[in-house]
Amino acid sequence: MGAFKNRNVYLLTTVAYMGSLLFGFDTGVMGSVLALNAFKDDFGLPPGKTGFASERNAEVSSNVVSLLTAGCFFGAIASSFINEKIGRRPTLMAFCVVFLIGAAIQVAAHHAIGQIYAGRVIAGLGVGGMSSVVTVYVSENAPARQRGRIAGLFQEFLVIGSTFAYWLDYGVSLHIKPSTLQWRVPVGVQLIPGGLMLIGLCFLKESPRWLTKMGRHQKAAESLAWSRCAKIDDPELLEELAEIRASIDEEMNSTEGVTWKECLQPGSRKRFFLAFCIMFWQQFSGTNSIGYYAPQIFQTVGISSTNSSLFATGVYGTVKVVATAVFLLVGIDQLGRKRALLGGAAWMSMCMFIIAAVLSTHPPDVKNPHVSKASIGMVVMIYLYVIGYSASWGPTPWVFVSEIFPTRLRAYGVGLAAATQWLFNFVITKITPIAVSTIGWKTFLMFGIFCLAMGIFVWFFVPETKRLSLEEIDVLFGNVDAIQRAQDIEIALHAEKKELELEQREGGTVTHEMPPKV
């Protein structure tokens, strides 16, 4: 009954998180396309069977992947300001169009690797912009008790996108003979979900919290009623509206409407610090080194043929999809954010240390056509690693950063988190090919140490936020005390009921576009 009652929230989430799916697909598809000899032939790259066959291949692989993340960094920063001015939904639509332009440029590339680079940067601007908005948009519409599961679907759509890309690349490597069509088909498919997302956004409502912040209280009530599948005079709906309104009024009154003053308050400073750090640690867990370059990584540990490495990559993605789905269904809102992050850090560090030890003592023999037991063991550890990541540091950071900020700072806070994610994503994707080709097994040792360090960070600094409303989290971080919040909610609830009575009495002529005087 709960899922049916929230059917419009899930519809909104599905459409909005097509942006996450695009991110996953775009990263997954290029990582595998780079391993296709057809792509190498079209752009004058040396063919080879081992992970990064030459210095030239490593350089192009690094550029193609990292330029997307560079574009994402700037898109995330721009989006945090744009969506605060024009709203969540229009911002998503604008950046979706930017992504489609970038994807089209990549598909049209002909023997000029520079055109691929340009398309990656433009598509990155779109993906980064959407990544900064979608979790804000979804979390502001999701009910508190299911928010972890619903907001965490960001990661599920991301891994679905990347896994679909992995299997698509494996399919074209088997069923389309080496030609320009072999790599253009998987790159071009991303235009389909991008177009569906743009169309779907036309039928959704704006965030009720953004509308309330802008003083458009009647529109906010209509939006929340739509997402809750409830009547506009429903008592629970009025209570939620009152809580939202009280929180925003408190933010306005405490800083006289000046946003930067809120950023300097102790509770807000801590939130920005946590958002930066948790996304920093997520990137240095090593997940994107494997995710972006999965075929080459599997070749590095001994799965030498292109088809075999693409198949292993497809299995890797499938494991991520299943593990993430299970965690979102039975873990994140029951286990909580902090315990999930702690357990995941310990699990991933163990897997990385084992991979480093085996690769150091049993390096694969490139002349042997058979896969060794050591290589099989390392592949299994990679799969176990990604199970731990998918049940912790994959979905949880996005949920956490989207829920810890007050409404007036949420766009900026999540924008900072997304920009941090993309900045260090760029760093990791740029250095991975170089690290694997130069220091080998020590790359995995490095990521194991980082995983251990981020668990220590969570233990000392990250609070638990599960099943708290977005407004209750303000109390958790000390921006307002619980007694003051309760009093403000009573005042806001009285205002909501009075406006509703006026609306009903005057037959809808009152618009309530201006906030009440305090």
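The values are calculated or read from the model by the stated rules, or taken from the named source; none is laboratory data. This one's a predicted model, so the numbers in the text were calculated from it and none came from an experiment. All Cβ positions, glycine included, derive from the backbone under ideal geometry; neighbour counts span all protein chains shown. Please note that ligands, DNA and RNA were not included when accessible areas were found on the heavy atoms of the full protein model with its side chains. Shrake-Rupley method; radii C 1.70, N 1.55, O 1.52, S 1.80 Å.
Scanning the stretch 160-174 for residues that are open to solvent by less than 10 Å² (accessible area, probe 1.4 Å), under 24 Å from residue 328 (Cβ atoms) and not polar (S, T, N, Q) turns up 161, 165, 166.
Being out of contact with any Leu (no Cβ under 7 Å at 6 or more places or on another chain), assigned to a helix (DSSP H, G or I) and modelled with pLDDT of 75 or more is the requirement here; does residue 464 meet it? It is false that residue 464 is out of contact with any Leu (no Cβ under 7 Å at 6 or more places or on another chain), assigned to a helix (DSSP H, G or I) and modelled with pLDDT of 75 or more.
Just one of the listed residues (108, 104) is of a type in the set (A, V, I, L, M), within 21 Å of residue 188 (Cβ to Cβ) and in contact (Cβ under 8 Å) with a residue 40 or more places away in the chain, and it is 104. Screening the candidates 264, 196 for the property of being at pLDDT 85 or above, open to solvent by 10 Å² or more (accessible area, probe 1.4 Å) and either of a type outside the set (D, E, K, R) or under 30 Å from residue 351 (Cβ atoms) (or both) yields one hit, 196. Of the residues making up the stretch 62-97, just one is open to solvent by less than 10 Å² (accessible area, probe 1.4 Å), modelled with pLDDT of 85 or more and in contact with a Pro (Cβ under 9 Å, 6 or more places away or on another chain), namely 83. Taking residue 253, is it modelled with pLDDT under 85, open to solvent by 10 Å² or more (accessible area, probe 1.4 Å) and over 29 Å from residue 338 (Cα atoms)? Against the criterion (modelled with pLDDT under 85, open to solvent by 10 Å² or more (accessible area, probe 1.4 Å) and over 29 Å from residue 338 (Cα atoms)), residue 253 qualifies. Residues of the stretch 191-206 that are in contact (Cβ under 8 Å) with a residue 24 or more places away in the chain, out of contact with any Leu (no Cβ under 8 Å at 6 or more places or on another chain) and part of a helix (DSSP H, G or I): 196, 200. Would you be able to say whether some residue in the stretch 335-357 is at negative phi, open to solvent by less than 20 Å² (accessible area, probe 1.4 Å), polar (S, T, N, Q) and at pLDDT below 80? No, every residue in the stretch 335-357 fails to be at negative phi, open to solvent by less than 20 Å² (accessible area, probe 1.4 Å), polar (S, T, N, Q) and at pLDDT below 80.
Scanning the stretch 225-248 turns up one or more residues that are under 25 Å from the mean Cα position of the chain (by Cα) and either modelled with pLDDT of 85 or more or of a type in the set (Ser, Thr, Tyr) (or both).
Within the stretch 434-456, no residue satisfies the criterion of being open to solvent by 10 Å² or more (accessible area, probe 1.4 Å) and touching a Gly at 6+ places or on another chain (Cβ under 6 Å).
Condition first: modelled with pLDDT under 85 and hydroxyl-bearing (Ser, Thr, Tyr). Can you find one or more residues in the stretch 169-178 that meet it? Yes; the residues of the stretch 169-178 include at least one that is modelled with pLDDT under 85 and hydroxyl-bearing (Ser, Thr, Tyr). For the stretch 470-518, filtered to residues that are out of contact with any Ser or Thr (no Cβ under 9 Å at 6 or more places or on another chain) and among the polar types (S, T, N, Q), the residue that is modelled with the highest pLDDT is 487. Yes or no: residue 452 at pLDDT 75 or above and touching a helix residue (DSSP H, G or I) at 6+ places or on another chain (Cβ under 6 Å)? When the stated conditions are applied, residue 452 passes them. Per the listing 129, 102, 119, the residue uniquely in a helix (DSSP H, G or I), among the small types (Gly, Ala, Ser), open to solvent by less than 10 Å² (accessible area, probe 1.4 Å) and within 21 Å of residue 45 (Cα to Cα) is 119. Between a residue in the stretch 413-433 that is open to solvent by 10 Å² or more (accessible area, probe 1.4 Å) and any residue that is of a type in the set (S, T, N, Q) and assigned to a helix (DSSP H, G or I), which pairs come within a Cβ distance under 7 Å, given they are 6 or more apart or on different chains? Here the result reads 424/283; 426/66; 426/69; 430/62; 430/66, each pair linking the stretch 413-433 to a residue that is of a type in the set (S, T, N, Q) and assigned to a helix (DSSP H, G or I). Here the condition is being in contact with a helix residue (DSSP H, G or I) (Cβ under 8 Å, 6 or more places away or on another chain) and modelled with pLDDT under 85; of 128, 148, it holds for 148 alone.
Pairs meeting the criteria (first residue in the stretch 382-409 and without any contact (Cβ under 8 Å) to a residue 40 or more places away in the chain and more than 16 Å from residue 146 (Cα to Cα), second residue open to solvent by less than 10 Å² (accessible area, probe 1.4 Å) and part of a helix (DSSP H, G or I), beta carbons under 6 Å, at least 6 apart or on different chains) are 384/351.
This table checks each residue for (1) open to solvent by less than 70 Å² (accessible area, probe 1.4 Å); (2) in contact (Cβ under 8 Å) with a residue 12 or more places away in the chain; (3) part of a helix (DSSP H, G or I).
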| position | (1), (2), (3) |
| --- | --- |
| 210 | yes, yes, yes |
| 215 | yes, yes, no |
| 219 | no, yes, yes |
| 237 | yes, yes, yes |
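Of the residues screened, residue 188 is not one that is assigned to a helix (DSSP H, G or I), open to solvent by less than 40 Å² (accessible area, probe 1.4 Å), free of Cβ contacts under 8 Å to residues at least 60 places away in the same chain and over 13 Å from residue 23 (Cα atoms).
Each residue in the stretch 30-61 was checked for being buried (at least 24 other Cβ atoms within 10 Å of the Cβ), at pLDDT below 70 and hydrophobic (A, V, I, L, M, F, W, C), and 1 of them qualify.
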